[in-house]
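> Here it is, the structure, as structure tokens.
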Amino acid sequence: MKLEKLSKLNVASFRDYKWPNELGAFSDINVILGWNGTGKTVISRILRSFEKGEYAELQDDGKFEITADGQSISQ
């Protein structure tokens, strides 16, 4: 299954985030950079849960939706 995008995020520093249409999908190799406290660990936890097929341990009852192979997967 190939990850395409983080469609929606509502956790930690991401409040009501929606993937911009002009951003395009993830590539085979992606780099995520940012200052401390900007959400890199949140993204890595979401991606890890996707990889393992488990629920992500997110603070504040965080919610997310990812798109992979044209299907939406949410928690």
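The values are calculated or read from the model by the stated rules, or taken from the named source; none is laboratory data. Bear in mind that the values here come from a model prediction, so they are computed numbers and not experimental data. Here Cβ is always computed from backbone atoms with ideal geometry, including for glycine, and neighbour counts include all displayed protein chains. Calculation scope for accessible area: heavy atoms of the full protein, side chains included, ligands and nucleic acids excluded. Shrake-Rupley method; radii C 1.70, N 1.55, O 1.52, S 1.80 Å.
> Among (1) modelled with pLDDT under 90; (2) touching a strand residue (DSSP E or B) at 6+ places or on another chain (Cβ under 8 Å); (3) open to solvent by 100 Å² or more (accessible area, probe 1.4 Å), where does residue 69 come up short?
With (1) modelled with pLDDT under 90; (2) touching a strand residue (DSSP E or B) at 6+ places or on another chain (Cβ under 8 Å); (3) open to solvent by 100 Å² or more (accessible area, probe 1.4 Å) applied to residue 69, the lone miss is (3).
> Hey, can you tell me all the residues within the range 2-41 that are at positive phi, in a loop (DSSP other than H, G, I, E, B) and open to solvent by 70 Å² or more (accessible area, probe 1.4 Å)?
Passing the criteria: only 37.
> Within the group 51, 57, which residue is within 14 Å of the chain's Cα centre (by Cα), closer than 16 Å to residue 4 by Cα, open to solvent by 70 Å² or more (accessible area, probe 1.4 Å) and not hydrophobic (A, V, I, L, M, F, W, C)?
It is 51.
> Going by what's in this entry, would residue 45 be described as in a helix (DSSP H, G or I) and either among the hydroxyl-bearing types (Ser, Thr, Tyr) or open to solvent by 80 Å² or more (accessible area, probe 1.4 Å) (or both)?
Spelling it out, residue 45 is indeed in a helix (DSSP H, G or I) and either among the hydroxyl-bearing types (Ser, Thr, Tyr) or open to solvent by 80 Å² or more (accessible area, probe 1.4 Å) (or both).
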